[in-house]
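First the structure, in the form of C-alpha cells, and then the observations on it.
The values are calculated or read from the model by the stated rules, or taken from the named source; none is laboratory data. All figures in this text were calculated on a predicted structure; none of them were measured in a lab. Cβ placement follows ideal geometry from the backbone for every residue including glycine, while neighbour counts extend to all protein chains displayed. We work out accessible area using only protein heavy atoms, side chains counted, and drop any ligands, DNA or RNA first. Shrake-Rupley method; radii C 1.70, N 1.55, O 1.52, S 1.80 Å.
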Amino acid sequence: MTRYPLMGPLIGLLIVLITPGLAAADVAEDAARWDLLHDMYFKDRPVEEAGGRIRIDAPARAHDAALVPVRIEVEPSLRLKTLSLLVDKNPVPLAATVRFGPASAGGGIETRVRVNEYTNLHVVGETQDGRLLMAAAYVKAAGGCSAPAVKDPQEAMARLGRIKVKLSDRLSPGSPVTAQVMISHPNSSGLQFDQVSRTYIPAHYIQSIVIRAGGQMVLEADTDISIAEDPNLRFSVLPTDGGSLEVVAQDTRGATFTKSVPLTAGPGKDDPAL
C-alpha cells in the first residue's frame with residue numbers, strides 16, 4: 001500500500017505549474033546572452049531577422065556534441081560580404097567569421113562545431129550594402145568542448161595538416177560548383193583532459209583558412225575552438241578555365257598547411273589525401 005497516495009499527482013501538478021516558469025526564465029536568459037554577444041561582436045550595429053533569406057540547418061538533438069553538423073543556407077540573390085557563426089553558450093562563442101571573395105558562388109557554407117551545453121546557434125550575414133541579417137537555431141547537446149579527441153593523439157599528429165579536397169564531378173568555367181575542404185587537425189580546445197598525464201591538453205587549433213580559385217579569393221575564414229576536430233568546410237565556388245583551387249590553413253602554433261588541386265572537368269575529384 002502506498003504510504004502517501006496523493007504524492008504522485010501532487011508532484012506531477014507541481015511539474016506542470018513550474019515548467020512554464022522555467023521555460024520563460026530560459027528564454028529570458030538566452031535573450032540576455034544574445035544581447036551580450038551582439039554588443040561584443042557587432043557593437044551598436046542593428047541586426048535584423050533574416051526572414052528566411054538565411055537559414056541554419058542543425059540537429060535539434062545532436063548525436064555527438066563534439067561533431068555537430070551545421071549547414072547555413074543563403075538565398076541565391078543575397079550576396080554576402082561576411083558570415084559569422086556563433087555557438088552562444090560555448091566558452092568561445094564565435095566559431096568562425098567567413099569573408100567571401102569574387103570567386104565565391106554564394107554565402108552558404110557547411111561545417112561541424114562543438115556544442116558545450118544546450119544552446120542557440122546564431123548566424124549573422126553582412127550584405128554588400130552593410131546590413132546585418134540574423135538567423136538562429138536551438139541545439140540540444142552537452143560536453144562537446146571538453147570531449148576527448150576521436151583519433152589517437154599519435155595518429156593525429158602523424159597526419160597533422162593533411163588537406164583533402166572534394167569537388168563535384170562536373171566542372172564548367174563560370175558555373176557554380178560545390179567544394180569541400182577537410183583538414184586533419186586535432187583542433188584541441190584547451191578544455192580536454194589527458195587521462196595519462198592528468199593535465200589539460202593545451203589549445204592547438206586551426207585559426208585561419210584561405211581558399212582561392214584561379215588566383216581569385218573564394219573565402220577567408222577565421223576559426224576558433226568551437227570548430228570541431230578535423231575542420232571541415234563545404235562551400236560553392238566559381239571555377240576558372242585551367243585554374244586551381246588553392247587552400248592555405250594556419251594553426252595557433254604558426255604551422256602552415258597547403259593544398260592545390262586543378263579545377264578541370266573529368267574524374268579524380270575525390271582527393272584521397274586523408
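Here is how the numbers come out for the structure above:
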{"quantity": "Condition broken by Thr256, with the remaining ones in (1) open to solvent by 30 Å² or more (accessible area, probe 1.4 Å); (2) modelled with pLDDT under 95 satisfied", "calculated": "(2)"}
{"quantity": "Residue within the stretch 58-66 that is of a type in the set (A, V, I, L, M) and within 22 Å of Ile211 (Cβ to Cβ) present", "calculated": "no"}
{"quantity": "Top-ranked residue of the stretch 91-107 - restricted to ones that are part of a loop (DSSP other than H, G, I, E, B) and open to solvent by 10 Å² or more (accessible area, probe 1.4 Å), ranked as modelled with the lowest pLDDT", "calculated": "Gly106"}
{"quantity": "Checklist (1) modelled with pLDDT under 95; (2) of a type outside the set (Lys, Arg); (3) open to solvent by 10 Å² or more (accessible area, probe 1.4 Å); (4) in a loop (DSSP other than H, G, I, E, B) applied to Glu155, failing item", "calculated": "(4)"}
{"quantity": "Leading residue by the ranking (least open to solvent (accessible area, probe 1.4 Å)) among those in the stretch 108-121 that are assigned to a strand (DSSP E or B) and among the polar types (S, T, N, Q)", "calculated": "Thr119"}
{"quantity": "Given (1) open to solvent by 20 Å² or more (accessible area, probe 1.4 Å); (2) closer than 19 Å to Glu49 by Cβ, index of the condition Val124 fails", "calculated": "(1)"}
{"quantity": "Residue list for the stretch 75-106, restricted to those being under 28 Å from Ala32 (Cα atoms) and of a type outside the set (A, V, I, L, M, F, W, C)", "calculated": "Lys81, Thr82, Ser84, Asp88, Lys89, Asn90, Pro91, Pro93, Thr97, Arg99"}
{"quantity": "Residues (buried (at least 17 other Cβ atoms within 10 Å of the Cβ) and of a type in the set (Val, Ile, Thr)) located in the stretch 158-196", "calculated": "Ile163, Val165, Val177, Val181, Ile183"}
{"quantity": "When residues of the stretch 199-240 are limited to those that are surrounded by 21 or more Cβ atoms within 10 Å (Cβ to Cβ) and of a type in the set (Val, Ile, Thr), the one nearest to Glu155 (Cα to Cα)", "calculated": "Ile206"}
{"quantity": "Counted residues, the stretch 38-80 - those being part of a helix (DSSP H, G or I) and surrounded by fewer than 19 Cβ atoms within 10 Å (Cβ to Cβ)", "calculated": "4"}
{"quantity": "The stretch 144-191: number of residues that are touching a residue at least 60 places away in the same chain (Cβ under 8 Å) and over 24 Å from Ser260 (Cβ atoms)", "calculated": "8"}
